[in-house]
Amino acid sequence: MNGHNSDIEKDLQLIEEYKTTGDLEVLGKLFEQYTHLVYGVCLKYLKHRENAQDAVMQIFESLITKILKYEVQNFKSWLHVVTKNYCLMELRSAHSKTVEVDFSTINVEIVSYEHPTNETDLEENIVKLEKCIEKLKNEQKTCVKLFYLEKKCYQEITDITSHNLKKVKSYIQNGKRNLKQCIEQSE
């Protein structure tokens, strides 16, 4: 137990030294001890090595100012919370970006439109598509969004939704058919 307390003491000394001097090497020394833990948490949430490595760097950069704002008693625990929160925010942000960015590809995949002649047509098609997706039954809507917008494979959708593989395929197939009908009716 003494080893654990002495680690906390050393961390507190480094924090104080950083707050006093603003020396990034001191902060780097403190962070370096826990880099593997930060990376592990990031990998658990973000799933990809490159994303986890980027996150570790972003988290370190955020510490430069964050640590000055808080009275940190146990750096390791505090850093774990900071890391987890960062990853959850990244996932939320990535989710909303995915949904916005990939709408244009889904209508090519699902609907056999003639190519839109201009941006206004494309915009109208995307709006129709969004409205039609919202009209789908919940299971279909979820599976269609995961498959087409978030580019998840059948197995990932099965894991996320807890539906069996056959159901997932059926929801996507039926959702796709219903979207096509809905879009054709709104023309």
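Computed from label points 7 Å out along Cα-Cβ, the spacing between HIS80 and LEU37 is 0.7 nm. Checked against a 27 Å cut-off, the cross-linked pairs LYS84/LYS152; LYS84/LYS141; LYS128/LYS152; LYS84/LYS131 give Cα-Cα distances beyond that limit for LYS84/LYS141; LYS84/LYS131.
Within the shell defined by Cβ-Cβ distances under 14 Å, the residues around LEU12 carry a net charge of -2, with Lys and Arg each +1 and Asp and Glu each -1. Segment ILE64..GLN185, full-extension length gain: 38.0 nm, with 0.36 nm per residue of separation and the alpha-carbon distance subtracted. When LEU91, LEU129 are arranged by Cβ crowding within 10 Å, least crowded first, meaning fewest neighbours, the order is LEU91, LEU129.
Would you list CYS153, CYS132, CYS182 from fewest to most Cβ contacts within 10 Å? Ordered from fewest to most neighbouring Cβ atoms within 10 Å, CYS153, CYS132, CYS182 come out as CYS153, CYS182, CYS132.
FYI, it's all coordinate maths here, none of it is from the lab. Computed from a prediction, not measured in an experiment: that's the story for all the values here. With ideal geometry, Cβ positions are generated from the backbone for all residues, glycine too; neighbour counts draw on all protein chains shown.
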